[in-house]
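Please treat every number below as a calculation from the coordinates, not as lab data. These numbers were taken from a predicted model, which means no experiment stands behind them. All Cβ positions, glycine included, derive from the backbone under ideal geometry; neighbour counts span all protein chains shown.
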Amino acid sequence: MEYNRRKFISFIGKAGLGTMITPPFLISCGNNSNTVNIKDEPKETLELLKETILEGIAASDQDDLLLAKGLDYHTIIKWGDKISNKDHFGFNNDFTCFIPFDENNPKDGLLWVNHEYVNPLFVSNFNFHDFEKPEEHRTIEQIDKEMYNVGGSIIRIKEENGKWKIVENDPYNRRITAQTPIQLNWDSPIKGKTTVMGTLSNCSGGITPWQTFLTCEENYDGCFGETEYDEQNVATHRPSWYGWEKFYEYPPEHYGWVVEINPKDGSAQKHIALGRFAHECCTVYELEDKRVVAYTGDDKNNEHLYKFISSKPGSLKEGTLYVADTINGKWLALDWENQPILKSKFKDQTEVLIRAREAAKLLGATELNRPEDIEIDPITGNIFVTLTNNKSKDDFHGSILKIEENNAAFDALDFKASTYIAGGEENGFSCPDNLAFDQSGNLWMTSDMSGSSMNKEDKPYMPFKNNSLFVIPRYGKDAGKVIRVASAPRDAELTGPWFSPDGKTLFLSVQHPGEQTTDVNNPTSKWPFDKDNIPKPAVVAITGDLIEKMNKLSQIQESQNS
Ligand code: FEO
Ligand code: CA
Ligand code: CA
Ligand code: CA
């Protein structure tokens, strides 16, 4: 669908400005109502602001984190930094989520950071390019290092004099790794276990209404492989890319789940009821009666979009998992008891959840172009889902899907789906991945063109240069435009955008800089340019006038509407 600016404004604003539907748990965690106050600003200043154009930056292939005018960044933490006497920060940081200790103090709290995967070249000193059969040359020491560097980190951070810093050795600082025991939130064991070993492939995530972190296991098959079934339902093991299963025999069925982490004690559980697939994220909404709805997508070509509706308050176990038929606008229940077609193929509900992809296809779910992040528009309640791309279907640039639940009820079983905006040269971005609404309802978006395709003459991604961060303003002269506000270092992807509770800081991950490196002594990136002269993934804090300006524009619009 061709993108239409006017349509954006009418779509996105139709519930009326200022009628935030954001539930209270989001308000205390960043997606809150606007805290900027324009009452004391001179009228002339506001008039001038209304006329200003937000200056984005041009696409760039420079090896640096470049920002638009009015934005600054500082690095909070990078791979290998000590977080305590015994632990250090893991590799390839992705999703971030900040929960303050006290909702009246937005400047002190716990930051969760996902560590999605490792580059063995940097982490375990193993170069896959050196061997014809790399799997024959791996050692347990290498595997242990790799397993330590995935999962997630909890770090206490504080802002002082405009700078966020880790509180080193704070008792809350801890690592969760691929070797941390984690319980299954389910009544029957899976592959004989009720507690499994570790979490991995932690891509994006979410936050619960009861203030815990959700971290999602995405490309888990890269670590312990996958169990695959032929037409006669005979299982075989597809080996992993990393080859960890040669050293630790953990079944693939223990991975591919949504994992909940308690910020205060690090205890973790895997939520089986939400299904098993390449979970990108998990976006939870609390209904008035305290039941929850959780949206989650399967980031693989031709896979699906799901939602779980709980039958009990605050439960991510009791309830029903649905999968989307976006053509007919129906949520289809993955319910073994009441779906004869599922009963004919699977032995029980646990097997339906473990093999959710196959179950979804049997029910006639719509194949999508790699659903990535999901966010709920805090003003209209519409659900936005990035479909990053699907080269097998000639969709190179992706799009954002908009879901409008019937009667705006999150537990509805009918909905309307439409394309909100498509990637491509006309709109200036390609391969949308993470999304975040700020406190005023402006939409921030990161892109994820793969490292092997970026800046290549023979690929359609050439005009977009490095991966970037964009904002789509909701108000003012630029409403509806896609504005590039940050450009990533070489080979990197910007991930995990999350706003601080006062809306003034955007936490952002810089993931896999220098990923195309084949020789450690000659890396393709050296960002963040520290003494080691190698690229390092890091989490940064972005602040500045531009964020403030956008919040003020929403206030001006609101004051005009009232
Ligand atoms: Fe890890 Fe779907 O991005
Ligand atoms: Ca992603
Ligand atoms: Ca998000
Ligand atoms: Ca991605």
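Tabulated data
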read-out	value
Three-way shape label, segment 54-116, alpha-carbon gyration tensor, a/c 1.5	oblate
At R0 = 25 Å, FRET efficiency that the Cβ-Cβ distance of Asp545 and Ala58 yields, to 0.05	0.80
Inter-probe distance in nm under a simple model that places probes 7 Å from Cα toward Cβ, at Asn85 and Asn561	5.5 nm
For the chain, size of Cβ-based charge dipole, Lys and Arg +1, Asp and Glu -1, in debye	700 debye
Sites Asn169 and Gln211, calculated FRET efficiency, Cβ-Cβ separation with R0 22 Å, nearest 0.05	0.40
Calculated log₁₀ intensity ratio I(q)/I(0) where the Debye formula runs over C-alpha points of the chain, q = 0.07, 0.08, 0.09, 0.11 Å⁻¹	-0.37, -0.49, -0.63, -0.98
Of all DSSP beta bridges in segment 176-332, antiparallel share, percent nearest 5	95 percent
Three-way shape call for segment 437-522 based on the alpha-carbon gyration tensor, with the a/c threshold at 1.5	oblate
Ranking of Asp108, Asp448, Asp40 by count of other Cβ atoms within 10 Å, fewest first	Asp40, Asp108, Asp448
Segment 224-357: relative contact order in percent, alpha carbon pairs under 8 Å with at least 6 residues between	16 percent
Segment 49-131: chymotrypsin sites (Phe, Trp or Tyr not before Pro) in DSSP coil with no more than 15 other Cβ atoms inside 10 Å	Phe131
Top positive-direction residue, dipole computed over the chain with Cβ charges, set Phe277, Gly319, Ser153	Gly319
Cut-off of 10 Å, at most 15 other beta carbons, DSSP loop: longest stretch of the chain lacking such trypsin sites (Lys or Arg not before Pro)	348-455
Value of [θ]222 nm, deg cm²/dmol, for the chain, DSSP H segments ≥ 4, -39500 (n - 2.57) each, nearest 500	-3500 deg cm²/dmol
Mean separation of Cα contacts under 8 Å (6+ apart) over length of the chain, as relative contact order %	18 percent
Ranked list, fewest to most other Cβ atoms within 10 Å of each Cβ, for His304, His74, His279	His74, His304, His279
Percent of beta bridges antiparallel (DSSP, the chain, rounded to nearest 5)	100 percent
Label-point gap, in nm, between Asn406 and Asn262 - each point 7 angstrom along Cα→Cβ	3.9 nm
Segment 353-506, relative contact order in percent, only Cα pairs under 8 angstrom and at least six apart counted	15 percent
Cα gyration tensor, segment 272-422 - rounded (a/c under 1.5), prolate or oblate	oblate
Which of His237, His254 has the fewest Cβ neighbours within 10 Å, and the rest in rising order	His237, His254
Gyration tensor (Cα) of segment 412-562, equivalent ellipsoid semi-axes in angstrom	31, 20, 13
FRET efficiency for Thr518 and His137, using Cβ-Cβ distance with R0 set to 22 Å, rounded to 0.05	0.85
